[in-house]
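Peer 1: Pasting a structure below so you can have a look.
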Amino acid sequence: MSQDMVSLNYRVNAEDFAKAGDASSNTKKVLKKLGIPSDITRRAAVVTYEAEMNIIIHSNGGEIIVNIDTTKIQIIAKDYGPGIPDIDKAMEKGYSTASDHVREMGFGAGMGLPNMKRCSDEFKIESEMGKGTTVTSIIHIPN
């Protein structure tokens, strides 16, 4: 890698389906430029996309921060409200609180958090009702 650390920051607006996937797409381009292996790049793109969709669908907006160094990719997704009442339930494949409108668009299948965890080497969710949720994913880069 040409630099010790690269940091990307994306603002994600609630219900902004027109820009859905922009953060993930840009992150993928940056990782490719840095020469990150394609399997690692794909996993990071999946985590970023799912985080982006969760913010768009379930929150009042938020941000995604991607920190890349020579050993790992850290993806932090922070959103503003409403929080996750039952994290264990939210982690169940197929469980979703998405509205019918969102489902009609083809989103909200209840696979976002499980996909994020599956693609991560380390995964943590912190949520406070009425305040928001922070999901942290770390993907190790083999040397």
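Peer 1: If I go through segment 82-98 residue by residue, how many of them are touching a residue at least 24 places away in the same chain (Cβ under 8 Å) and more than 20 Å from residue 61 (Cα to Cα)?
Peer 2: 1
Peer 1: Something else about it: Going through segment 72-95 one residue at a time, which ones are under 30 Å from residue 38 (Cα atoms) and more than 15 Å from the chain's Cα centre (by Cα)?
Peer 2: Within segment 72-95, 72, 92, 93, 94, 95 qualify.
Peer 1: Suppose we filter segment 96-107 for residues that are over 19 Å from the mean Cα position of the chain (by Cα) and among the aliphatic types (A, V, I, L, M); how many remain?
Peer 2: Residues meeting the conditions: 1.
Peer 1: Checking residue 62 against (1) in contact with a Lys or Arg (Cβ under 6 Å, 6 or more places away or on another chain); (2) surrounded by 14 or more Cβ atoms within 10 Å (Cβ to Cβ); (3) over 22 Å from residue 18 (Cα atoms), which test does it fail?
Peer 2: That leaves (3) as the condition not met.
Peer 1: Let me ask another. With the condition kept exactly as written, say whether any residue in segment 30-49 is closer than 16 Å to residue 134 by Cβ, under 15 Å from the mean Cα position of the chain (by Cα) and modelled with pLDDT of 95 or more.
Peer 2: Yes, segment 30-49 contains at least one residue that is closer than 16 Å to residue 134 by Cβ, under 15 Å from the mean Cα position of the chain (by Cα) and modelled with pLDDT of 95 or more.
Peer 1: Condition first: of a type in the set (Lys, Arg) and at pLDDT below 95. Now tell me which residues in segment 1-18 satisfy that.
Peer 2: Listed by number, the list is empty, since nothing qualifies.
Peer 1: Please return the ranges of helices (runs of 4 or more DSSP H) entirely within segment 78-143 where 2 or more residues are modelled with pLDDT of 95 or more and closer than 25 Å to residue 7 by Cβ.
Peer 2: 112-118
Peer 1: With respect to residue 24, is the statement that it is hydroxyl-bearing (Ser, Thr, Tyr) and outside any helix (DSSP H, G or I) true?
Peer 2: The answer is no for residue 24.
Peer 1: Could you run through segment 99-143 and say how many residues are touching a residue at least 40 places away in the same chain (Cβ under 8 Å), crowded, with 17+ Cβ neighbours inside 10 Å and not polar (S, T, N, Q)?
Peer 2: Selection size over segment 99-143: 13.
Peer 1: Being assigned to a helix (DSSP H, G or I), in contact (Cβ under 8 Å) with a residue 40 or more places away in the chain and either among the hydrophobic types (A, V, I, L, M, F, W, C) or on the phi < 0 side of the Ramachandran plot (or both) narrows it down to one residue among 52, 63; which is it?
Peer 2: 52
Peer 1: Hey, could you check segment 116-141 for residues that are under 15 Å from residue 64 (Cβ atoms) and among the small types (Gly, Ala, Ser) and say which is farthest from the chain's Cα centre (by Cα)?
Peer 2: 132
The values are calculated or read from the model by the stated rules, or taken from the named source; none is laboratory data. In this text the structure is predicted, and so the values were computed from the model without any measurement. Counting neighbours? That spans all protein chains shown, and the Cβs are built from the backbone with ideal geometry, glycine included.
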